[in-house]
Structures are given as structure tokens and as C-alpha cells.
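Comments concern the structure below.
The values are calculated or read from the model by the stated rules, or taken from the named source; none is laboratory data. Keep in mind that what you see is a predicted model, and the values were worked out from it rather than measured. Note: ideal-geometry Cβ built from the backbone for every residue, glycine included; neighbour counts use all protein chains shown.
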Amino acid sequence: MKKVKVVFYPNTQKTNQLTKITPIYMRIAKPDLGKVETKLNAYLSEDEMRYWNPITQRSEFPGTKVNRVLEDLQYEFESLPYRFKEEYPDFSPQEIKNKVLKVENYNTNQFGRVLDYVDSYYHSVVLPNQHIVLGTKKNYQKAIRHFRNYMKYSKNEKCIMKGLNTVIALGFYDYLCQEIPSIGKRSILKVSAASVVEKIKHIFERAVDTELIRSNPFKKIKLDKRSPKRDELNLKEIKLIEQLDLKGNRKIDVYRDIFLFLIYTGLPYGDFYNLTKNDIQEENGAWILTIKRSKTGIELKQALIEPAIRLIKKYEDSYETIIYNRLFPKRHLNSVNEHLKFIQEKAKIHKKLSTHIGRHTCSQMLRETGNINIDVINSMLGWSNGRLGASMNYRRTSINMLKDAKTKYETFLNQ
């Protein structure tokens, strides 16, 4: 019997530059029959990568879950000769890979329906993946919902994998950008359409890897990923909101405070929504906010400016913050944006207020100070090092640097 060799290895060429997550690949080789490689549903974090042992082909990082996945696959590989004694010597590397990964039981062969494959991919690959954050999983759900509606609209619901082609792929992108009154469909922005197509394209990459289709038709779509320029507020407009008289509308006050806190900190609303009192520690006389971005897993760290601290203290005796250990009363994103319309009109501001404008305004203000190190700004906003050309690791940003940035930002806002 020809010797078969299986190797597990982290593919550092595929490391996500944003999250620093590295996928594990499996290589199966057999003399005279060549080799085959495939990406596994296993990923190493930056810390786990440091403990990867190429000899044992395992990570020695305490508590890592990757090793369990690799052990299961190793067991599947070693049990093949016993389950297929007669056929095993004739298996090609591709056939061995399919049997180890149970591709035959994937219910997604080339004659299976495209929509069944997409659903199966979500439930077997995306949903159980511990390295995919909840927001990204929801984005996959949204993309699949758009794709399913399109296949129904274009009468391709029964399309099989073998029939997936460029016409369907290009039609999907056009469908996203169109308004179709007959079915009550609204058009979406090009950048949003690009994000949806990107998810669907990624799904069918696995179909290419497992040879269900020869090529990915979604790769031929040229995507415009440039976001439209967003408004930001100037100092005068921030002052108008701060000084707005809301005595007759006390319930609106909390929405104004939430929005101002987003301006003072630059937090995305998803991360603000999950803030607890445990996320703030006092160090060297400063209130240090430290969290991991829910969307990217990147650390966000900053010294809070005095206006932000005053807002936190304003609600420290509120029953909503005491019961749930929160910094602010819990308000849904849609509710905040809805009440910001009232605040916008009341303050006579002609820009459309939204929670994201708060983050964008903070980013702009920090840059306009002109004397805050760009790596410190990245740390304060939880951006990747690639953003704005930064190259410094956030963890090297000292408390003194954050306190210095805090002082400069306060001075700028008090002009």
C-alpha cells in the first residue's frame, strides 16, 4: 500500500491582517498520485500561533480548542484503512480528503441545489466558528437572505451547483442595487451591495476547494468598497448639543448624553451598548477604558476626558445602571437614532445625526488637534495598525501617552 502523509499547518500567508487570525490547512500527499490542500474550520489567534509546534503539528497554548479539531481529523484519517480495507490503497489524495472531511455527507454535491449548499455552509461552517464574531454571523445571515430572495425573484430557486454561472452572479449584484416596486424591494448602496456579495463569494470559495464547482463566478464582479464620505460635527455644533435646553423633555436627555459620550470616546454603538463598569479602571489618576472591539477583536484603550467622566457619574445612581452593572441606561440603537432626529431639529443642526457620526466626529477632532500621535489615535479608536499608515502595536501605547492625548483632546474641545 502506498504510504499516505497528512500534514496540518497554519497558513501564515492567509493571516487576517485585521484580526491576526491564522487558518489551519491540511495537506494530503500520496506518492505518484500527487497532493491536495484544503482550509480547515480551525483558526489560531496571534497568541496561539506563538505556541505552534511544527513537529507535533499542534498548538501548545493552554486551553486552545484547535487541537481538538485536529485530533478528530487525525482519528478520521487513521481509521480509514479499517473502514475501507479493500478500496483504501486506490484512494486518491482528493478522495481521502473528502472522506476525512465527510464531504460526501455534506449534502452539497454538484447536483445539489445552490440554496441548500448556502444554508448548509452557514450552519456547518459559519455558525459554530468561535473566531467569527456575532456581528459577522448576522451579516452572513443578511447576505444569504438577500441571495435567497434574488434566486426566487430570478426563478433560480432550483438551480443546482453545476448550473451556477456568471450570469447569476452578475445578476445578483445588479439586483441588490435596483429598486423593484413590484416586490417592494428597495435599492441598497454600492458599498453595502459589495459587502453582501463579498460574503456570498466567500461561501462559494469552499465549493471550489471541495471541487463542487470549477470556478467561483462571483470572483468576476468588480466591487466598489469605498464608503461615501460621512458628515462630522464641528465644535460649534457640539456646543449647541451640549447646551441644548431639554428641561421640558427629560426623557430625551439620556439620548443626548449617549450621543455626546460617543463623540467624547469615538466608541461604535455596538461596543458602547455592551459597556459595563468593569471596563473602566483607574490608573495613575486617569479613568482608563479598555475593551475588545466586538466586530474585530482589536483592543480599544483610552483615558476618558472629563466631560465623558461627568456623564458616567450622572448615571451611577440610576437603578438601570445599578441593576445591570452598566455605565448608561440601556437604549436600543434604533431608538437612539430616532431621538437624535428630535435633538437635531431642536439644536437647529442641518446635518443628519446618527450614532456613527459621533464616532466619526471623534476621529476627526482627534486628528484636528494636530499633535496626537497617530498610533495613540488608533489605540483610542480600536483601529487596526493598517489604518492611516500606523505600524505600532497598541499594547506599546503607554498610559502616559493616553493621558497626554486626553489632555490635548479636552483642550481642543474647550476652545
Helices (runs of 4 or more DSSP H) wholly inside region 279-382 containing at least 3 residues that are touching a residue at least 12 places away in the same chain (Cβ under 8 Å): 306-314, 333-346, 355-368, 374-381
Residue match in region 245-263 (condition: in a loop (DSSP other than H, G, I, E, B) and at pLDDT 90 or above): no
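Could you identify the single residue in Lys162, Lys158, Lys137 that is assigned to a helix (DSSP H, G or I), in contact (Cβ under 8 Å) with a residue 40 or more places away in the chain and out of contact with any Ser or Thr (no Cβ under 8 Å at 6 or more places or on another chain)? It would help to see each step written out before you state the result.
Numbers: Lys158 fails: assigned to a helix (DSSP H, G or I); Lys137 fails: in contact (Cβ under 8 Å) with a residue 40 or more places away in the chain.
None of the other options fit; the residue is Lys162.
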Filter result for Ala193 (in contact with a Cys (Cβ under 8 Å, 6 or more places away or on another chain) and either buried (at least 16 other Cβ atoms within 10 Å of the Cβ) or outside any loop (DSSP other than H, G, I, E, B) (or both)): yes
Odd one out for Arg145 among (1) touching a residue at least 12 places away in the same chain (Cβ under 8 Å); (2) assigned to a helix (DSSP H, G or I): (1)
Top-ranked residue of region 117-134 - restricted to ones that are exposed (fewer than 14 other Cβ atoms within 10 Å of the Cβ) and in a helix (DSSP H, G or I), ranked as modelled with the lowest pLDDT: Leu134
